[in-house]
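The values are calculated or read from the model by the stated rules, or taken from the named source; none is laboratory data. Bear in mind that the values here come from a model prediction, so they are computed numbers and not experimental data. So basically every Cβ, Gly included, is an ideal-geometry build from the backbone, and we count neighbours across all protein chains shown. The protein model used for the area step is the full one, side chains on, heavy atoms only, and it has no ligands, DNA or RNA in it. Shrake-Rupley method; radii C 1.70, N 1.55, O 1.52, S 1.80 Å.
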Amino acid sequence: MNRIIKLSLVDMKAKDNLEVEDADITDSEIDQEILDTIAKDILCYIISNLQKERILDPSNPVIHLRISGDGRNVGRKIKHVMITFMILNHESYHHNPDYHYTVALYPSTEKYNTIKFILEPFVEELHSLKEDELEITGVLWKFKLYFSSDWKFLAICLGLNSANSKYFCPWYLCSKNEIGDLNKDWHIEKNIDEISINYNTISGHIFPPIFNIIPVDNIIFDELHVFLRITDRLWELVLSEIKEHGLFNNITKKVILDEMKWLKISFQFWENKDSHNWEYTSLVGDDKKKVLEHFNLELLFRPSRAVLIRKLWDEFNLLYCALKNKKTNPLEFKKQAKEWLILFLTPLSGNPSDFKNFIKGLYLPNQITPYMHVLIFHGWEFLEKHKQWDVKAFSCFAVEKKNHQQVSTFFRKTFKNGGNLLRKNQLYKK
Ligand SMILES: [Zn+2]
């Protein structure tokens, strides 16, 4: 393969000012296992094939190139970070990991300095592709660049603060203090050139963006993480309500375990010996979907309360399905998303001392997460701007699957246990 696509190993420790935060990685073999390829070689190879297959049309020589990144925990001490690209024109393979091509793979954590160092040659190539275009067999191909990943990776690549800071939003100066303001009409307005030059004067930005050639409206959130993290939050809110009422006891735990068993979901509770908090199994995506759609909330709450929470869960599921549907009207989605936020923030009604007429509300603005924010306030705009591909085309499902596959291969090669460690780390677990 090395004859067609040039592969090279990079010594990460060669960079003097690079924080070697991999001190916990002791295996010398792992230190060297940093794979770096030349994207142009891969592109030349693929583009000429796609042209032969008539997927690319030389009379409209525009390549839509999607870049993604993913960091995966592979046990307590080792993490694998992978950067890929995908040709969006190859529409039938958007969700196939084999068509997301790896440009860099390294063991470390997701940190700005490390990612910047590793990606320097790739970013230079992207600059040249965008500015000079790429000539293959007499055709000059133009490039439109996109980026998508989970929140953490995206924020790091954009040089943004952490998700819990005041100005957390990659797309606009949305403030955490106004996250529950139903009258806000935030638009995607940040400009990548401006952030690149003046990052230190723009609230929330602490470093210049790594991919300074990708416009902000081509930086798209990952619909898979929107689903996973919002579902997590809805489930946490249910459990914390039970705890608030002092009802998180053995009976409740048994009710939850029995219902999970009925739904054919492998689920357990255990007590953390240090914190004495009760922890529970992190579910994979399909099981999360089962809980969201079918968990009988009446087992945990009185009927009227269960109906209200069930409505919130069902409406979220509908909103998520609408996000993935290419036919969804963006303005209708915007309305539907706002209605879901209104439902999430349902206030109490009546007087708490008047038990008969009092109705407890749902949740508070400070319980809105960044993923909820992006779905509610920016989701419609992505639907509108990316009609050509749809939001689902930027899903990181295939990228996560690819990282999982690569990590599995790596472990089979490196460890005698054949990657038993890996089996404990299910797909989706971050
Ligand atoms: Zn925002």
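Brief remarks on what is shown
- Taken over region 336-360, the criterion of being surrounded by 12 or more Cβ atoms within 10 Å (Cβ to Cβ) and without any contact (Cβ under 8 Å) to a residue 24 or more places away in the chain is satisfied by 336, 350, 358.
- Those residues of region 283-323 which are among the small types (Gly, Ala, Ser) and either open to solvent by less than 60 Å² (accessible area, probe 1.4 Å) or not assigned by TED's automatic domain parsing to the domain that holds residue 363 (or both), in sequence order: 285, 306, 322
- The strands (runs of 3 or more DSSP E) found entirely in region 131-242 that carry 3 or more residues being open to solvent by 30 Å² or more (accessible area, probe 1.4 Å) and not aromatic (Phe, Trp, Tyr) are 139-149.
- So residue 121, is it within 13 Å of the ligand (Cβ to nearest atom) and open to solvent by less than 70 Å² (accessible area, probe 1.4 Å): no
- The single condition from (1) touching a strand residue (DSSP E or B) at 6+ places or on another chain (Cβ under 6 Å); (2) under 17 Å from residue 382 (Cβ atoms); (3) within 12 Å of the ligand (Cβ to nearest atom) that residue 145 fails is (3).
- Qualifying position, being within 24 Å of residue 88 (Cβ to Cβ) and modelled with pLDDT under 95, among 109, 137, 114: 137
- Matching strands (runs of 3 or more DSSP E) fully within region 1-96 where at least 1 residues are modelled with pLDDT of 90 or more: 62-73, 79-87
- Some residue of region 84-103 being among the aromatic types (Phe, Trp, Tyr), out of contact with any Lys or Arg (no Cβ under 8 Å at 6 or more places or on another chain) and open to solvent by less than 20 Å² (accessible area, probe 1.4 Å): no
- Within region 159-173, residues that are within 19 Å of residue 187 (Cα to Cα) and without any contact (Cβ under 8 Å) to a residue 12 or more places away in the chain have Cβ atoms under 7 Å from residues that are acidic (Asp, Glu) and away from the ligand (no atom under 12 Å from the Cβ) in no pair, counting only partners at least 6 apart in sequence or on another chain.
- Selection status of residue 273, in the same structural domain as residue 379 (by TED's automatic domain parsing) and free of Cβ contacts under 8 Å to residues at least 24 places away in the same chain: yes
- Test: residue 59 is out of contact with any His (no Cβ under 7 Å at 6 or more places or on another chain), free of Cβ contacts under 8 Å to residues at least 40 places away in the same chain and closer than 20 Å to residue 224 by Cα: no
- Qualifying helices (runs of 4 or more DSSP H) (wholly inside region 248-357; at least 1 residues being under 29 Å from residue 384 (Cα atoms)): 285-294, 303-324, 330-344
- Residue under evaluation residue 333, criteria (1) at pLDDT below 95; (2) open to solvent by less than 60 Å² (accessible area, probe 1.4 Å), criterion not met: (1)
- Some residue of region 46-66 being surrounded by 16 or more Cβ atoms within 10 Å (Cβ to Cβ), touching a Ser or Thr at 6+ places or on another chain (Cβ under 7 Å) and closer than 23 Å to residue 211 by Cα: yes
- Within region 178-192, residues that are within 12 Å of the ligand (Cβ to nearest atom) have Cβ atoms under 6 Å from residues that are not in a loop (DSSP other than H, G, I, E, B) in these pairs: 179/365; 179/373; 184/178; 186/377; 188/217; 188/381; 190/216, counting only partners at least 6 apart in sequence or on another chain.
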